[in-house]
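Asks: Handing you this structure, nothing more for now.
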Amino acid sequence: MRRRFFLKSILAALGVGVTTGLYAWQIEPFWLEFVKRSMPIRHLPAGLEGKTLLQISDIHVGDRFNWNFIIRSFEKAQQLAPDIVVYTGDYISYLNSEQFTQLETVMKSAVKGRLGTFAILGNHDYGLNWAQREVGQKVVEILENAGIRVLRNEHAQVGGLHLYGFDDFWGPNFQPQHALQHYQTDQPGIVLCHNPDACDEDIWGNYQGWILSGHTHGGQCKPPFLPAPLLPVKNKKYTAGEFDLQDGRKLYINRALGHLWQVRFNVRPEITVFRLEKEEI
């Protein structure tokens, strides 16, 4: 009887393991969630109240998973008719020039905002060791040919809302002071910054407002009720979701739409839909 019970227990455990593995490999990586949140912004112009800002991050087009999922996700997002769209880095998982052709195909279906569409680069957009400037430049060309404005330590404005785009924190062109040089505290602003670790650097001056990041993928696999074991950040509290940085800045980390490898558990791919609201002072 004991032997029979032991064998049944082993078979049951194996069954659970196989089922969990199949789920993490074939289901959750393609189970998109549209996360809807409010975004209160100080000094927001009346004309932008109630408008939607959609954040897409870390699509990682390459050879490691079926990137047609990204195209299908873009098509679903287009149905929301967002007013502003921002992309917060890591468009490719670079191995060779084939990724450029793949990205061109994917970005033919890019989601665009009715008022404006903006992007920044992530570390993977700089190729090997995040140091290949020519890879980053090619990614920029593909995005701009798709009608997306890439902010490389630059500032842009849409409907009175100021967007400050940082180049990647790990890349060879991180110069946030150029993006923030014209910042004024009485202006509504959002910073696009791929890697949330940059939030802990002494670069922010008197910036007060939102920061939209990606990079972490939420850990991509997270045991229930436990912290994610693998996070590509120094500050391990930066997992996913909203963080009040206690100094007038609020950080939101998108869980990523794509993935480096086709496996996710308890961390579904995300597109974030923010509703802009005026924050009362």
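Asks: Could you grab me the full set of residues in the stretch 59-115 that are touching a Ser or Thr at 6+ places or on another chain (Cβ under 6 Å) and of a type in the set (G, A, S)?
Replies: Selection gives G62 alone.
Asks: Of all residues in the stretch 57-92, which are among the charged types (D, E, K, R) and farther than 23 Å from V191 by Cα?
Replies: D63, R64, R72, E75, K76
Asks: While we're on this one: If you take the residues in the stretch 186-216 that are in a strand (DSSP E or B) and touching a Leu at 6+ places or on another chain (Cβ under 9 Å), which one is surrounded by the most Cβ atoms within 10 Å (Cβ to Cβ)?
Replies: S213
Asks: Between a first residue in the stretch 145-166 that is within 12 Å of Y183 (Cβ to Cβ) and a second residue that is of a type in the set (G, A, S) and not in a strand (DSSP E or B), which pairs have beta carbons less than 6 Å apart while being 6 or more apart in sequence or on different chains?
Replies: That search, which allows pairs on different chains as well, returns H155/A179; Y164/A179.
Asks: Here are some residues: L257, L226. Which one is out of contact with any Leu (no Cβ under 7 Å at 6 or more places or on another chain), among the hydrophobic types (A, V, I, L, M, F, W, C), modelled with pLDDT under 95 and over 15 Å from C193 (Cβ atoms)? Full working, then the answer.
Replies: Working: L257 fails: modelled with pLDDT under 95.
Of the residues listed, the single one that is out of contact with any Leu (no Cβ under 7 Å at 6 or more places or on another chain), among the hydrophobic types (A, V, I, L, M, F, W, C), modelled with pLDDT under 95 and over 15 Å from C193 (Cβ atoms) is L226.
Asks: Do you know which residues across the stretch 56-72 are surrounded by 18 or more Cβ atoms within 10 Å (Cβ to Cβ) and either outside any helix (DSSP H, G or I) or in contact with a Phe, Trp or Tyr (Cβ under 6 Å, 6 or more places away or on another chain) (or both)?
Replies: Of everything in the stretch 56-72, those that are surrounded by 18 or more Cβ atoms within 10 Å (Cβ to Cβ) and either outside any helix (DSSP H, G or I) or in contact with a Phe, Trp or Tyr (Cβ under 6 Å, 6 or more places away or on another chain) (or both) turn out to be I56, S57, D58, I59, H60, V61, G62, F65, W67, F69.
Asks: Looking at (1) in a helix (DSSP H, G or I); (2) within 18 Å of the chain's Cα centre (by Cα), find the lone condition where Q137 falls short.
Replies: Answer for Q137: the failing condition is (2).
Asks: How many residues, within the stretch 29-55, are in a strand (DSSP E or B) and in contact with a helix residue (DSSP H, G or I) (Cβ under 7 Å, 6 or more places away or on another chain)?
Replies: Looking only at that region, the number is 1.
Asks: If you take the residues in the stretch 73-126 that are surrounded by fewer than 22 Cβ atoms within 10 Å (Cβ to Cβ) and of a type in the set (D, E, K, R), which one is nearest to D63 (Cα to Cα)?
Replies: The selected residue is E98.
Asks: Considering the stretch 22-53 alone, what residues qualify as being basic (K, R) and over 15 Å from V85 (Cα atoms)?
Replies: Passing the criteria: only R42.
The values are calculated or read from the model by the stated rules, or taken from the named source; none is laboratory data. Fair warning: this is a prediction, and the values are worked out from it, not measured in the lab. FYI the Cβ positions are ideal-geometry reconstructions off the backbone, even for glycines, and counts take in every protein chain you see.
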